[in-house]
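Below: the structure, in structure tokens.
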Amino acid sequence: MSKLTWRTSEIIAFLEESIIDGTATESMEIIYQDYKWFNKIDRKSNEWKSVIRKIKKLHNEEF
């Protein structure tokens, strides 16, 4: 089994899509705003890890 990795741009695109769809949580919006306003991402934060888990879950549901 290979390890799945995503580029930052893919994660930001996922966040943008979630915000547009109205499915983003408040923490997802904060991550997106911090990235757009300050160009910073705290990859060790629980919020960031939560977004990664959501993406992994969606990916696993597709396959």
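Can you confirm whether ILE55 is out of contact with any Asp or Glu (no Cβ under 6 Å at 6 or more places or on another chain), exposed (fewer than 10 other Cβ atoms within 10 Å of the Cβ) and in a helix (DSSP H, G or I)?
Answer is no for this residue.
Please work out which residue is nearest to LYS44 (Cα to Cα), limiting yourself to segment 8-25 and to residues that are of a type outside the set (Ser, Thr, Tyr) and part of a loop (DSSP other than H, G, I, E, B).
ALA24
Which residue out of GLU61, GLU29 is open to solvent by less than 100 Å² (accessible area, probe 1.4 Å), assigned to a helix (DSSP H, G or I), charged (D, E, K, R) and out of contact with any Lys or Arg (no Cβ under 8 Å at 6 or more places or on another chain)?
On inspection, the qualifying residue turns out to be GLU29.
On the basis of being open to solvent by 70 Å² or more (accessible area, probe 1.4 Å) and either at negative phi or touching a Cys at 6+ places or on another chain (Cβ under 7 Å) (or both), does GLU16 make the cut?
Answer is no for this residue.
Sort out which residues of segment 32-44 are open to solvent by 50 Å² or more (accessible area, probe 1.4 Å) and part of a loop (DSSP other than H, G, I, E, B), and write them in order of number.
Those that are open to solvent by 50 Å² or more (accessible area, probe 1.4 Å) and part of a loop (DSSP other than H, G, I, E, B): ASN39, LYS40, ASP42, ARG43, LYS44.
The values are calculated or read from the model by the stated rules, or taken from the named source; none is laboratory data. Bear in mind the structure is a predicted one, so any value in this text is a computation, not a measurement. All Cβ positions, glycine included, derive from the backbone under ideal geometry; neighbour counts span all protein chains shown. The accessibility values were calculated without ligands, DNA or RNA, using every heavy atom of the protein model including side chains. Shrake-Rupley method; radii C 1.70, N 1.55, O 1.52, S 1.80 Å.
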